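One structure is given here, and the rest of the page talks about it.
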Amino acid sequence: EGGLRDCNIIEMWVNGAASANKKELDEQQLTMEDIPVIVDKCLKFITTQGCLSEGIYRIAGVNNRIITLLEEFRRNAWAVYLNPAQYSEHDVANTLKRFFRTLDNPLLTKDLRQLWLESSNIDDLHHKLQLYKQLLSELPQINYLTLRRLVVHLRTVSEQKSHNLMPVSNLATLWGPTILTTDCMTGINFNDCTSEAKVISDLIENFYALFDINDEEMNKDKELLDVLMNDRLGNEEHIPSSLLQRSGDIKVQ
């Protein structure tokens, strides 16, 4: 009965709920593949703009740009446009790492954290991978799918180590603590850093055995990398049509 006024209120409520990105992974805006939009957009940008950049994920970005970008993603990740003229690959790479570090619960979860660390120190590879598979099966779906997407990406980055000087060992040192520990966690033993690095290193090096990854998924990153290798021609006819679909299409529950 309120007519246009009530419609405007409902529209504001819906937009507010759709744009709420809080501190849990399942409270993020999601793509159709159940991956947070911020993760999807950042990974695509880094693959095309920074996969060949020396020290990607190691070199710091500009802090005020990182803060601004993270705030934009939290307001409405669908609306964020990552412009290379505005943000460098290092700005975006560090925004992605900071996103994971500022979650209330790490990507591999607080509940499973100690089991991940213990499993990483097992010498028998077959037994270790069996334990990893069990832990992967216990992750929430969004965590699992996000981890899988991240691992595929890090594998692609490591394969360009002759350009970016970031082999698996370097990436693992940076990403181990990022997916197993968050800034809000207390009582953490920082001697665990070696074990944290082992976990992500094992996931990258054994990802075919651990994840249900098909050639089509692997080719997505390869196609993105081709865009970069072709000198970023900027002409859509050189870009595979599968990559022209924008990130962050609305996920309907």
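The values are calculated or read from the model by the stated rules, or taken from the named source; none is laboratory data. Predicted model, so just to flag it, every value in this text is computed and none were measured. All Cβ positions, glycine included, derive from the backbone under ideal geometry; neighbour counts span all protein chains shown. The accessibility values were calculated without ligands, DNA or RNA, using every heavy atom of the protein model including side chains. Shrake-Rupley method; radii C 1.70, N 1.55, O 1.52, S 1.80 Å.
Summary table below
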| item | result |
| --- | --- |
| Residues that are under 26 Å from D34 (Cα atoms) and either surrounded by fewer than 19 Cβ atoms within 10 Å (Cβ to Cβ) or touching a Cys at 6+ places or on another chain (Cβ under 6 Å) (or both), drawn from segment 160-176 | L174 |
| Identity of the residue in segment 1-51, part of a loop (DSSP other than H, G, I, E, B) and over 20 Å from the mean Cα position of the chain (by Cα), that ends up modelled with the lowest pLDDT | E1 |
| Selection status of T178, within 18 Å of P106 (Cβ to Cβ) and at pLDDT 90 or above | yes |
| Of all residues making up segment 196-218, the number that are in a helix (DSSP H, G or I), open to solvent by 20 Å² or more (accessible area, probe 1.4 Å) and at pLDDT below 95 | 5 |
| Total residues in segment 110-145, condition under 15 Å from the mean Cα position of the chain (by Cα) and among the polar types (S, T, N, Q) | 2 |
| Index of the failed condition, V152 passing every other in (1) of a type in the set (A, V, I, L, M); (2) buried (at least 18 other Cβ atoms within 10 Å of the Cβ); (3) touching a Leu at 6+ places or on another chain (Cβ under 8 Å) | (3) |
| Selected residue (only one of D192, D183 is outside any loop (DSSP other than H, G, I, E, B), open to solvent by 10 Å² or more (accessible area, probe 1.4 Å) and within 15 Å of K110 (Cβ to Cβ)) | D192 |
| Scan of segment 98-112 for residues that are open to solvent by 30 Å² or more (accessible area, probe 1.4 Å) and assigned to a helix (DSSP H, G or I), ordered by number | R98, R101, K110, D111 |
| Yes/no for L117 being modelled with pLDDT of 95 or more, surrounded by fewer than 19 Cβ atoms within 10 Å (Cβ to Cβ), part of a helix (DSSP H, G or I) and not aromatic (F, W, Y) | no |
